[in-house]
Amino acid sequence: MKVEGQATMVGVIGTGHVGLVTCVSLAEIGHRVIGYDQDPEKISQLRSGSAPFHEPGLRELLARGLASQRLSFTDDVADCVRGAKVVFICVGTPPRAGGEANLVAVERAVRDIARHADGPCVIVEKSTVPTGTAARVKATMQRENPERAAELVVVSNPEFLREGQAIQDAMRPERILIGAESAAGFETMRRLYGPLIANGSQVFEFDVSTAELAKYACNAFLALKISFINALARICEQAQADVVAIAEVMGSDPRIGRAFLDAGIGYGGSCFPKDLQAFDRVARRLGYEFPLLREVARINDEAVEAIARKINDALWNFEGKRIALLGLAFKPGTDDIRFSPALVLASKLVSEGAHVVGYDPIAEHNAKAEMPQLEVASSALDALAGASCAVVCTDWDEIKQLDLSEVRKVMAEAVVVDGRNIFDPDVMQAAGITYYPTGRPPRRVSP
Ligand code: UDX
């Protein structure tokens with residue numbers, strides 16, 4: 001899967017999750033890519049072929065890109081921009097205190113591009129940005145470099161990368177969304193993604209505002225599905241009904257679909273929480289109140305509270321009790337702990353006096369850096385040893401495959417609260433474990 005004819009010179013500003021995956025995937029399909037990051041340490045790490053975060057397949061593609069010399073890295077933004085025909089903006093857009101996206105890094109990237117571009121260039125918004133950002137980008141370029149501004153075309157090309165599957169999503173995207181205002185913008189992007197399009201990826205071409213908004217719409221709708229099923233889980237818990245069975249019924253209707261109807265401790269990660277807030281602020285700025293989005297976030301917070309209530313039901317008081325959190329990453333397949341519900345729960349339990357011990361196959365270091373007061377064990381059984389309650393926070397295979405008789409043996413009290421519904425209630429009961437699933441009736445075993 002390689003570009004036919006001439007490869008494009010591509011600059012990528014920002015080598016975080018999205019930026020680095022963009023770098024390696026474009027180099028893999030034959031383009032010449034220079035990734036820029038302001039952090040010189042990160043650049044030397046990347047140059048030596050070491051990936052700064054866990055992402056399956058990333059290290060291999062990074063090594064191949066470097067070996068082919070199609071991929072290089074710099075800490076000088078001029079090197080990244082000069083000569084590039086396409087520059088991707090992949091910088092962070094963290095939430096401000098009020099919830100709106102902080103676009104300081106985007107503005108800095110645009111200024112850098114305007115200053116160093118030495119010919120016609122397509123500037124691609126890859127970071128998720130509020131509707132209206134492209135107009136700001138154009139105005140900034142005009143101000144920064146009036147002579148060149150006419151040669152600089154702005155395109156919106158939001159990513160749909162799932163962490164843990166990001167390489168696969170980048171190499172075989174289900175859809176490629178391009179928002180542009182000129183034929184040149186669409187043509188350049190089609191040429192750039194030529195091999196992926198030839199391989200079957202569907203392309204959507206819209207105006208820039210539609211593309212910018214489509215990304216928010218997708219993430220908000222997925223979060224809405226999760227919160228819907230979590231609200232239903234609360235009702236099921238009162239009605240002694242089974243949310244997993246209801247999700248199957250709902251999912252069998254192709255108009256609804258089964259995906260993202262897994263009830264549990266809630267969503268986290270670098271996208272849903274932040275994008276939902278930012279979308280709410282964008283809607284308000286545009287004159288539309290969208291309280292549904294705030295409700296989605298509230299139900300998500302409530303999901304953690306519901307887990308805490310179950311622990312409380314099982315233990316009575318938290319103080320001085322050892323509670324094991326199985327999984328700290330916001331989902332399996334990643335070491336990312338940003339907005340992880342596991343850590344939200346951990347700080348709540350710690351603040352109420354519990355002795356919390358976490359375990360995660362790969363997110364251990366990130367969790368410790370984020371929450372130094374959290375004790376982290378080096379195996380699930382070590383975390384469980386002497387615990388009065390275990391909480392499944394991340395649906396790692398390793399946790400699904402735990403030997404339940406061992407679990408029962410090492411725990412002080414065999415109580416499992418399942419925030420991901422990974423266990424079969426009958427099997428748990430048979431193993432002598434008191435089991436609190438999410439949105440399903442609990443199974444209590446007499447001590
Ligand atoms: C998401 C989008 O899926 C992706 O398209 C976008 O580009 C970036 O944001 P990601 O943040 O990697 O990707 O995570 P995703 O796999 O979507 O899961 C988000 C969260 O929802 C996780 O915490 C996961 O555990 C949770 N989740 C997911 C549920 O609680 N229930 C579900 O049914 C599905």
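The values are calculated or read from the model by the stated rules, or taken from the named source; none is laboratory data. None of the values given here were measured: they were computed from a predicted structure. Here the Cβ positions follow ideal geometry from the backbone for every residue, glycine too, while neighbour counts run over all protein chains shown. Side chains included, ligands, DNA and RNA excluded: accessible areas come from the protein's heavy atoms. Shrake-Rupley method; radii C 1.70, N 1.55, O 1.52, S 1.80 Å.
Can you find a residue that is over 18 Å from the mean Cα position of the chain (by Cα), free of Cβ contacts under 8 Å to residues at least 60 places away in the same chain and surrounded by fewer than 16 Cβ atoms within 10 Å (Cβ to Cβ) anywhere in segment 157-170? Even if it seems obvious, please write down each step before you answer.
Of the residues in segment 157-170, the ones over 18 Å from the mean Cα position of the chain (by Cα) are none.
No, segment 157-170 contains no residue that is over 18 Å from the mean Cα position of the chain (by Cα), free of Cβ contacts under 8 Å to residues at least 60 places away in the same chain and surrounded by fewer than 16 Cβ atoms within 10 Å (Cβ to Cβ).
Among what's in segment 240-271 and is open to solvent by 40 Å² or more (accessible area, probe 1.4 Å) and among the small types (Gly, Ala, Ser), pick the residue that is farthest from residue 219 (Cα to Cα).
245
Give segment 106-129 a look and list any residue that's open to solvent by 30 Å² or more (accessible area, probe 1.4 Å) and within 26 Å of residue 280 (Cβ to Cβ), or say none. Don't jump to the end; show me each part of the working.
At the first step, the residues of segment 106-129 found to be open to solvent by 30 Å² or more (accessible area, probe 1.4 Å) are 107-108, 111, 115-116, 118, 120.
Across segment 106-129, the qualifying residues are 107, 108.
Does segment 60-71 contain any residue that is assigned to a loop (DSSP other than H, G, I, E, B), under 30 Å from residue 275 (Cα atoms), outside the structural domain of residue 270 (by TED's automatic domain parsing) and in contact (Cβ under 8 Å) with a residue 24 or more places away in the chain? Talk me through it step by step, then tell me what you get.
Keep residues of segment 60-71 that are assigned to a loop (DSSP other than H, G, I, E, B), which gives 69-70.
Adding the requirement that they be under 30 Å from residue 275 (Cα atoms) leaves none.
Within segment 60-71 (the criterion being assigned to a loop (DSSP other than H, G, I, E, B), under 30 Å from residue 275 (Cα atoms), outside the structural domain of residue 270 (by TED's automatic domain parsing) and in contact (Cβ under 8 Å) with a residue 24 or more places away in the chain), the answer is no, since none of the residues qualifies.
With a cut-off of at least 2 residues that are of a type in the set (S, T, N, Q), name the helices (runs of 4 or more DSSP H) lying wholly within segment 92-185. Steps first, answer last, please.
Values: elements: 104-116, 133-144, 166-171.
So the answer is 133-144.
Which numbered condition in (1) closer than 18 Å to residue 303 by Cβ; (2) surrounded by fewer than 18 Cβ atoms within 10 Å (Cβ to Cβ) is the only one that residue 226 fails?
(2)
Got a sec? Which of 246, 299, 229, 265 is over 25 Å from the mean Cα position of the chain (by Cα), hydrophobic (A, V, I, L, M, F, W, C) and at pLDDT 95 or above?
Working: 299 fails: over 25 Å from the mean Cα position of the chain (by Cα); 229 fails: over 25 Å from the mean Cα position of the chain (by Cα); 265 fails: over 25 Å from the mean Cα position of the chain (by Cα).
Result of the check over 246, 299, 229, 265: 246.
Only residues that are open to solvent by 50 Å² or more (accessible area, probe 1.4 Å), at pLDDT 95 or above and more than 21 Å from residue 28 (Cα to Cα): list them for segment 67-100, please.
Those that are open to solvent by 50 Å² or more (accessible area, probe 1.4 Å), at pLDDT 95 or above and more than 21 Å from residue 28 (Cα to Cα): 75, 76, 82.
Look through segment 365-377, keep the residues that are open to solvent by 10 Å² or more (accessible area, probe 1.4 Å) and touching an Asp or Glu at 6+ places or on another chain (Cβ under 8 Å), and return whichever of them is nearest to residue 421 (Cα to Cα).
376
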